[in-house]
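Okay, so here's the structure we're looking at.
The values are calculated or read from the model by the stated rules, or taken from the named source; none is laboratory data. Because the structure is a prediction, the values reported are computed rather than measured. Every residue, glycine as well, gets a Cβ built from its backbone with ideal geometry; the counts of neighbours run over all protein chains shown. The area values use the complete protein model at the heavy-atom level, side chains included, leaving out ligands, DNA and RNA. Shrake-Rupley method; radii C 1.70, N 1.55, O 1.52, S 1.80 Å.
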Amino acid sequence: MRLVFAGTPEVAVPALDALIESDRHEVAAVVTRPDAPAGRGRRLVASPVAQRAEEAGIEVLKPSRPGEADFLARLREIAPDCCPVVAYGALLPRVALDVPARGWVNLHFSLLPAWRGAAPVQHALMSGEDVTGASTFLIEEGLDSGPVYGFLTEQILPEDTSGDLLARLSRSGARLLAATMDGIEDGTIHAKPQPAEGISLAPKITVEDARVNWAEPALRVDRVVRGCTPAPGAWTLFRGERLKLPAPVALAADRPDLAGLAPGELAVAKNSVHVGTGSHPVELTEVQPQGKKRMRAADWARGARAASGDRLGD
């Protein structure tokens, strides 16, 4: 089939690569979000998908909105059979959905109808699930509600961050999307409506969602930190300033000597920093003070003169 691929972040690049490498389909163009400011200089930088497409010599379209007349005119000129999508980042209006004969097919990182929305992997981790996956479905105007072509499952490991899990799903999902394109071309797969039960929503994780509440149980603290790593990044306060937690915490259930720590209370030793929670303590592995680089928690405690009995949080 003649394809126009839509995607923006790094997690979409493996799927684009899989379709470029396919000997059955032609990626005629790529649609991505406009260049965005990045880095300290805030200069405009093309998306990872745009950069990969340019390396491959593929036309790149960067509409501010996918309903723009110029973009729609060019899309009609290209005349794609199908438009595969991975984390494009903009809602597609009906006028765009109607252009490809076989529609827009999205690779979504959950087992639909679970976790419809922008942050399915983060919500799966923060909810303590053991298994997640990826689905390919035909996009319609509802939020991730279209009929499903195929899916795969992925085990969630105890140490997984959302970054780890997304990286694995991006690779296995790339193969799923390529196989879905093959099946659509062959007529060997057909989209089936999603179940009416089991729907859950996964809105974008905000900075406030990533704030650690030390009064919650240790398992919940662990899930929030892992779910928000690397973005938007879990955080807390220390002496009124933001302290990021850029790496997972370690559970310390087998430390009876720390059992009396109150939520947010620190226990500082030469080579470790523990924090009380609503259940048992956790050990901080790495932290990032405001305006500084990430570092070992014990090194931070020495530099900040943090002592046992000090508190994290409000």
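Using the alpha-carbon positions of the chain, Rg (one decimal) and Dmax (whole number) come out as 22.4, 70 Å. Across the chain, Cα pairs under 8 Å and at least six residues apart give a relative contact order of 13 percent.
Over its Cα atoms, what ratio of radius of gyration to 2.2 N^0.38 Å does the range 176-240 give? Don't jump to the answer; show the numbers that get you there.
Working: Rg = 19.7 Å, N = 65, 2.2 N^0.38 = 10.7 Å.
Dividing the Cα Rg of the range 176-240 by 2.2 N^0.38 Å gives 1.83.
Using only side-chain charges placed at the Cβ, +1 for Lys and Arg and -1 for Asp and Glu, the dipole size of the chain relative to its Cα centre rounds to 1240 debye. Note on residue 206 and residue 94: their simple-model spin labels are 3.1 nm apart, each label 7 Å out from Cα toward Cβ. Full extension of the segment from residue 213 to residue 76, taken as 0.36 nm per residue of separation minus the current Cα-Cα distance, would add 44.3 nm. Within the accessible area of the range 101-199, the carbon and sulfur atoms contribute 54%, probe 1.4 Å, all protein chains present. Set the Förster radius R0 to 22 Å, insert the Cβ-Cβ distance between residue 257 and residue 294 as r into 1/(1 + (r/R0)^6), and round the FRET efficiency to 0.05. According to the calculation, E is roughly 0.20.
What the Cα convex hull of the range 48-187 gives, in volume per residue, is 117 Å³.
Computed from Cα atoms alone, the Kirkwood hydrodynamic radius reported for the range 134-267 is 18.0 Å. For residue 141, project a label point 7 Å along Cα to C-beta. Then give me every residue of the range 64-91 with its amide nitrogen under 15 Å of that point. Of the residues in the range 64-91, 67, 91 have backbone N under 15 Å from the label point off residue 141.
Where the centre of each part is set by its Cα atoms, how far does the range 143-221 sit from the range 75-103, in angstrom? Spelled out, the Cα-based centre of one part sits 21 Å from the other.
Taking all protein chains into account, the per residue accessible area for the range 19-104 stands at 53 Å² (1.4 Å probe). Rolling a 1.4 Å probe over the protein chains gives residue 157 an accessible area of about 70 Å². Between the residues 163, 4, 107, the greatest Cα displacement towards the positive end of the dipole of the chain, with unit charges on the Cβ of Lys, Arg, Asp and Glu, is found for 163. Subtracting the Cα-Cα distance of residue 196 and residue 69 from 0.36 nm times their residue separation leaves 42.2 nm of extension gain.
Helical content alone sets the calculated 222 nm signal of the chain at -7500 deg cm²/dmol, taking -39,500 (n - 2.57) per DSSP H segment of four or more residues and averaging over every residue. Taking the chain as the region of interest, the number of lysine pairs whose Cα atoms are within less than 28 Å, with members eight or more places apart or on different chains, is 10. P(r) tail for the range 159-211, what percent of Cα pairs lie past 12 Å? I get 79 percent for the Cα pairs in the range 159-211 exceeding 12 Å. Each residue of the range 120-199 gets 98 Å³ once the volume of the Cα convex hull is shared out per residue. Taking Cα centre as origin and charging only the Cβ of basic (Lys, Arg, +1) and acidic (Asp, Glu, -1) residues, the dipole magnitude of the range 136-239 rounds to 460 debye.
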